[in-house]
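A.B. asks: A single structure is presented below for examination.
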Amino acid sequence: MQKNNCKLCGEEFLIDDEELALLDKLSPTVGSVKLTIPPPTHCFTCRSKRRLGWRNERSLYNRKSDKSGNDIVSMYPQDSEYPVYSSDEWYADDWDDKSYGRDFDFSRPFFEQFAELNAKTPKVALLNNNPENSDYINRAEGNKNSYMSFDLGWNDSILYSRSVYNSDNLTDCTFCRKSSFCYECIDCENVTNSAHCINSTDLSGCNFCYNLHGCHDCALCTNLFNKNFCIENKQYSKEEYTEKIKEFDFGSKQKVEDYKKRLSENMRSCVHRFANNLKCENCTGDYLENCKNVKYSFGAKNSENCRYMIDPERGKDSMNDCSSGGDGAELNYEIIGSGWPYNMKFSNASWHCSDSLYLCFCQNCKNCFGCSNMKRAEYCIMNKQYSKDEYEKLVPKIVEHMKSIGEWGEFFPLDISEFGYNETVANEYFPMDKKDVLKNGWKWRDKVDNLIPTSDFQVPDNIRDVKDDMIEKVLVCEITKRPYKIQGQELAFYMKQNIPIPHKHPDQRHHERLQLRNAPKLYHRKCMNDGCNNEFETTYSPDRPEKVYCEKCYQDNVI
């Protein structure tokens, strides 16, 4: 067991023998030289910030392509220092990624040289593959009729949502799968025609519920399994429920705020399971599913023998990974946003790549080092082509140089990130204010809103009083004062689902949904059930008001 103090925040963190053994297993070999990865110098939180600070999902800009001059939607604003191509232009074969190649200079730091290379190579405007009528989405695959939604896969009609897969007709939802006609749902699967539901599966016709499974026609309920026609956990007959539910006005903004307060009170008073893990063995973390030997991780699915992960899919024998995965995603260390990676180290948004180190936005590459925005490359260093022998001789020398100045073993630093900290997912999981971001030498981009609010306009309280001309109005967020508009598709959804017009900017709504999930940090606690001495790691901090039970007590008292 080792104790280290984080180089950034100073917090003490532990590195146990299992972690050291995994680091040894992850250390790559180039030619006949093993490049030993040293123990981390940053704590989990600061390592995660550093990676997530390279992932911009939801800050989009209208601009011109630097290749064609056409209007495009992009992660990069017009005044960005980076050249930006549309997706079709970036994937075309009429430009040469190796033309940006350069020799490595052993008199200078690697990261300084990489930043210069990365500033020259063309960037793809959005990561939005095979869209249909869905120009304003990012980090997405196979979606249609969707708008301002991010981290998506194979959906139809998704609005203002994040991390939604195999679903249709969802608005303002987060971490949902296989669901339809839902609003403001969080961590839900196989849910239909429901609103304001959290941590629930297999629901229909439910509103303002928490931790319901296999239920339909329920309102303001918590911790129910296979129940129907319940209000605040009280059982009614179908006929009684039909009459009782008429007393609710889900189309009124004022009433909805009251229901949200009642749900919050019900959640505070109900029993909470120490972790939202499903079918896991020897794991610590939260929102884990079908995992084995996964430690201090969050949102991992179908993963094994991993540590310090955030939202990976099918990872194996990996550490310090965010939002990566796919079949064969093994032996990865300090990567983010990469699909189907194998034996990848210190890399960002590089898909179908293997046996490489320090790649940024590369596709179908292997045996490459320090490359930016390359396609189908092998044995390249700093985008320059080498022979296999030359590559295997030069990479260990570069690593030795990096060791001598303290760079080896570190991910790309945030001061050379392409984005402002507040543009990235880092600010969603680990919020920071502008002053502290700039103090660390990182970037910050102030939001610029060009909409002019409609004067003397009051949004009707009830959706039944809203007219079709609502889409012409510019509203003002009641929290942040930022202007926003209601889209036609969005208005049609609200009217059909009897949902009041939101009085908050989409970014504020997204922020408030994230606040309903526990932050990715573990605390050692004891079960709060009287007489139980079981201890566990949980994301519920000790100062939280909820009653947190161990697995056994939860099973005995709730299910």
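Quick note: the coordinates plus some simple rules give every number you see, no bench work behind them. These numbers were taken from a predicted model, which means no experiment stands behind them. Note that we place each Cβ from the backbone using ideal geometry, even for glycine, and neighbour counts take in every protein chain shown.
A.B. asks: Give the distance, in whole Å, between the Cα centre of the range 412-485 and the Cα centre of the range 1-72.
C.D. replies: Comparing the Cα centres of the range 412-485 and the range 1-72, I get a distance of 28 Å.
A.B. asks: How large is the Kirkwood hydrodynamic radius of the range 463-515, in angstrom, based on all distinct alpha carbon pairs?
C.D. replies: In the range 463-515 this quantity evaluates to 11.6 Å.
A.B. asks: Aspartates and glutamates within cross-link reach of K253: Cα-Cα under 17 Å, excluding same-chain residues under 8 positions apart?
C.D. replies: Result set, ordered by chain and number: D172, E184, D461, D465, E478, E490, E512.
A.B. asks: In the range 272-354, if every C-alpha pair distance is counted and binned at 10 Å from zero, what percent goes to each bin?
C.D. replies: In whole percents, the pair-distance histogram is 23, 55, 19, 3, 0.
A.B. asks: With N residues in the range 99-163, what two-decimal value do you get for its Cα radius of gyration over 2.2 N^0.38 Å?
C.D. replies: 1.65
A.B. asks: Now for a separate question. Determine the equivalent ellipsoid of the range 390-505 by diagonalising the alpha-carbon gyration tensor, then write out the semi-axes as square roots of 5 times the eigenvalues, largest first, rounded to whole Å.
C.D. replies: With the √(5λ) rule applied to the range 390-505, the semi-axes are 49, 17, 12 Å.
A.B. asks: May I ask for the percentage of alpha-carbon pairs in the range 518-559 that lie more than 13 Å from each other?
C.D. replies: Result for the distance tail: 50 percent.
A.B. asks: Taking the radius of gyration and the Kirkwood hydrodynamic radius from Cα positions alone, what is the Rg/Rh ratio for the chain, to two decimal places?
C.D. replies: 0.98
A.B. asks: Find how much the distance from R268 to A92 grows on full extension, using 0.36 nm per residue of separation minus their present alpha carbon separation; answer in nm with one decimal.
C.D. replies: 58.0 nm
A.B. asks: Relative to the longest principal Cα axis of the chain, at what angle does helix 488-497 sit, 0 to 90 degrees, rounded to 10?
C.D. replies: 40
A.B. asks: I would also like to ask the following. The range 241-262 to the range 303-340: how many Å between their Cα centroids?
C.D. replies: Here the two parts' Cα centres lie 42 Å apart.
A.B. asks: Please compute the Cα-Cα pair-distance distribution of the range 255-306 with 10 Å bins starting at 0, giving whole percents from short to long.
C.D. replies: Calculated over all Cα pairs of the range 255-306, the distribution is 25, 32, 22, 17, 3 percent.
A.B. asks: Let me ask something else about it. Hey, any idea what Rg/Rh is for the range 440-559, computing Rh the Kirkwood way over Cα pairs?
C.D. replies: 1.18
A.B. asks: Further, regarding this structure: Using R₀ = 45 Å, calculate the FRET efficiency as 1/(1 + (r/R₀)^6) where r is the Cβ-Cβ separation of V73 and K439; round to 0.05.
C.D. replies: The calculated FRET efficiency here is 0.90.
A.B. asks: Once the Cα atoms of the range 1-152 are picked out, what are the Rg and Dmax in Å?
C.D. replies: Both quantities, over Cα of the range 1-152: 20.1, 56 Å.
A.B. asks: With axes computed from alpha carbons, what is the tilt in degrees of helix 506-515 against the longest principal axis of the chain, rounded to the nearest 10 within 0 to 90?
C.D. replies: Once rounded, one gets 90 degrees.
A.B. asks: Using amide H atoms built in the peptide plane, which far-off residues or other-chain residues are under 5 Å from E304 H to H?
C.D. replies: Placed amide hydrogens put K292, G315, K316, D317 under 5 Å from E304.
A.B. asks: Output the antiparallel fraction of DSSP beta bridges having both residues in the range 199-323, as a percent to the nearest 5. Intermediate values should be presented prior to the final figure.
C.D. replies: Values: 2 of 28 bridges.
Roughly 5 percent of the DSSP beta bridges within the range 199-323 come out antiparallel.
A.B. asks: Then there's this: What are the residues whose amide H is under 5 Å from the amide H of I231, where those residues sit 5 or more places off or on another chain and H is modelled from the backbone?
C.D. replies: Excluding prolines and chain starts, which carry no amide H, the hits are A219, Y236.
A.B. asks: Same structure again: What ranking do 123-130, 507-514 get when scored by the average of other Cβ atoms within 10 Å per residue, highest first?
C.D. replies: 123-130, 507-514
A.B. asks: Can you count the Lys pairs in the range 312-448 whose Cα atoms are under 22 Å apart, with each pair 8 or more apart or on different chains?
C.D. replies: Eligible lysine pairs with Cα atoms under 22 Å apart amount to 25.
A.B. asks: Taking the alpha-carbon distance from K227 and a cut-off under 20 Å, which aspartates and glutamates remain once sequence neighbours fewer than 8 residues away in the same chain are dropped?
C.D. replies: By straight Cα distance, K227 reaches D187, E189, D202, D217, E239, E240, E243, D556.
A.B. asks: Which angle from 0 to 90°, rounded to the nearest 10, does the C-alpha axis of helix 110-120 make with the longest principal axis of the chain?
C.D. replies: 70
A.B. asks: Would you kindly compute the Cα radius of gyration of the range 368-412 and its largest Cα-Cα separation (Dmax), both in Å?
C.D. replies: 11.2, 32
A.B. asks: What is the set of long-range amide H partners of K123 at a cut-off below 5 Å, with H atoms built 1.01 Å from backbone N?
C.D. replies: Amide H neighbours of K123: V84, Y85.
A.B. asks: Dipole magnitude of the range 463-515 about its Cα centre, charges +1 at Lys/Arg Cβ and -1 at Asp/Glu Cβ only, in debye to the nearest 20?
C.D. replies: For this selection, approximately 120 debye.
A.B. asks: Just the ratio, please: alpha-carbon radius of gyration of the range 244-392 over 2.2 N^0.38 Å, N its number of residues.
C.D. replies: Details: Rg = 21.8 Å, N = 149, 2.2 N^0.38 = 14.7 Å.
Normalised Cα radius of gyration, the range 244-392: 1.48.
A.B. asks: Also, I was wondering about something else. Let me know the Rg and Dmax you get for the range 178-273 when you use only its Cα atoms, in Å.
C.D. replies: Looking at the range 178-273, its Cα Rg and Dmax stand at 12.1, 33 Å.
A.B. asks: In whole angstrom, how long is each semi-axis of the equivalent ellipsoid of the range 1-84, when you take the square root of 5 times every eigenvalue of its Cα gyration tensor and sort them from largest down?
C.D. replies: They are 39, 19, 9 Å, listed largest first.
A.B. asks: Enter the per residue convex hull volume of the range 359-441, computed from alpha-carbon coordinates, in Å³ rounded to the nearest integer.
C.D. replies: Measuring per residue, one finds 112 Å³ for the Cα hull of the range 359-441.
A.B. asks: Rank-order 418-426, 291-299 by packing density, defined as the average count of other C-beta atoms within 10 Å over each peptide's residues, highest first.
C.D. replies: Those peptides, ordered most packed to least, come out 418-426, 291-299.
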